[in-house]
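Chemist: Got a structure for you, written out below as structure tokens; questions coming shortly.
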Amino acid sequence: MHPLAVIGVILSIGSLMFAVFVHLNSTIDRKIEKKLNDEVFIRKVANEVRLPFVIFDEGKSIIADIGVKCF
């Protein structure tokens with residue numbers, strides 16, 4: 001096989017692999033962006049995620065203990 005043909009085959013395979021990578025990357029980015037802008041998904045995450053926090057008064061008494069979800 002001619003050396004230029006080997007180089008051409010290697011470059012072709014490399015270009016094809018790069019194109020597949022770029023396509024998969026953009027597809028994944030589109031799917032993530034679509035999901036993050038989906039109102040139903042946002043509400044589901046907001047209902048499941050709780051940020052635990054505690055509110056104290058000046059006397060170091062607990063006023064509120066909010067966000068801890070017991071299963």
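The values are calculated or read from the model by the stated rules, or taken from the named source; none is laboratory data. Since we're looking at a predicted model, the values are computed, not measured. All Cβ positions, even for glycine, are placed from backbone atoms using ideal geometry, and neighbour counts span all protein chains on display. Each accessible area value is taken on the protein alone, full model and side chains, heavy atoms only, with ligands, DNA and RNA left out. Shrake-Rupley method; radii C 1.70, N 1.55, O 1.52, S 1.80 Å.
Chemist: If each residue of separation counts as 0.36 nm, what is the full-extension length gain between L16 and E48 once their alpha-carbon separation is subtracted?
Modeler: Values: separation 32, 0.36 × 32 = 11.52 nm, distance 4.21 nm.
Answer, rounded to one decimal: 7.3 nm.
Chemist: While we're looking at this one, here's another question. The chain: longest stretch without exposed trypsin sites (Lys or Arg not before Pro) (DSSP loop, at most 10 other Cβ within 10 Å), sites themselves excluded?
Modeler: Working: sites that count: K60, K69.
In short, 1-59.
Chemist: Further question: Is it possible to state the helix-based mean residue ellipticity at 222 nm for the chain, with each DSSP H run of 4+ residues giving -39500 (n - 2.57), the sum divided by total residues, to the nearest 500 deg cm²/dmol? What is it? Working shown, then result.
Modeler: Details: 2 runs with 44 residues, N = 71.
So the helix-based figure for the chain works out to -21500 deg cm²/dmol.
Chemist: While we're here: Tell me the GluC sites (Glu not before Pro) within segment 22-59 that lie in a loop according to DSSP and have at most 14 other beta-carbon atoms within 10 Å.
Modeler: Numbers: sites: E33, E39, E48, E58; in loops: E58.
Of the GluC sites (Glu not before Pro), the ones in loops of segment 22-59 whose Cβ has at most 14 other Cβ atoms within 10 Å are E58.
Chemist: Right, something else. State whether segment 1-47 is rounded, prolate or oblate according to the following rule on the C-alpha gyration tensor (a ≥ b ≥ c being the square roots of its eigenvalues): a/c under 1.5 gives rounded; otherwise a/b larger than b/c gives prolate, and the remaining case gives oblate. Please list the in-between numbers first.
Modeler: On the way: a/c = 10.62, a/b = 7.40, b/c = 1.44.
It is prolate, given that a/c is not under 1.5 and a/b is the larger ratio.
Chemist: Okay, moving on. Using the heavy atoms of the protein chains and a 1.4 angstrom probe, tell me the accessible area per residue for the chain in square angstrom. Please report the intermediate quantities before stating the final value.
Modeler: Numbers: 6770 Å² over 71 residues.
On a per-residue basis, 95 Å².
Chemist: Which value, in debye to the nearest 20, describes the size of the charge dipole of the chain about its Cα centre when Lys and Arg Cβ atoms bear +1, Asp and Glu Cβ atoms bear -1, and nothing else is charged? Please report the intermediate quantities before stating the final value.
Modeler: Values: 9 positive and 8 negative charges, 55 e Å.
My answer is approximately 260 debye.
Chemist: Rounded to the nearest percent, how much of the accessible area of segment 9-53 (1.4 Å probe, protein heavy atoms only) is carbon and sulfur? Intermediate values should be presented prior to the final figure.
Modeler: On the way: 3000 of 4290 Å².
Looking at segment 9-53 in its full context, I get 70 percent from C and S.
Chemist: If you fit an axis through the alpha-carbon atoms of helix 3-36 and take the longest principal axis of the Cα set of the chain, what angle between them do you get, 0 to 90°, nearest 10?
Modeler: Long axis of 3-36 versus the principal axis of the chain: about 20 degrees.
Chemist: Using only Cα atoms, find the angle between the long axis of helix 39-48 and the longest principal axis of the chain, and express it within 0 to 90 degrees, rounded to the nearest 10.
Modeler: Roughly 50 degrees between the two axes.
Chemist: While we're looking at this one, here's another question. How far apart, in nanometres, would the label points at H23 and K60 be if each is projected 7 angstrom from Cα along the Cα-to-Cβ direction?
Modeler: About 6.5 nm, to one decimal.
Chemist: Next question, about the same structure. May I ask you to derive the FRET efficiency for V9 and I32 from their Cβ-Cβ distance with R0 = 35 Å, giving the value to the nearest 0.05? Don't jump to the answer; show the numbers that get you there.
Modeler: Values: r = 35 Å, r/R0 = 1.00.
The calculated FRET efficiency here is 0.50.
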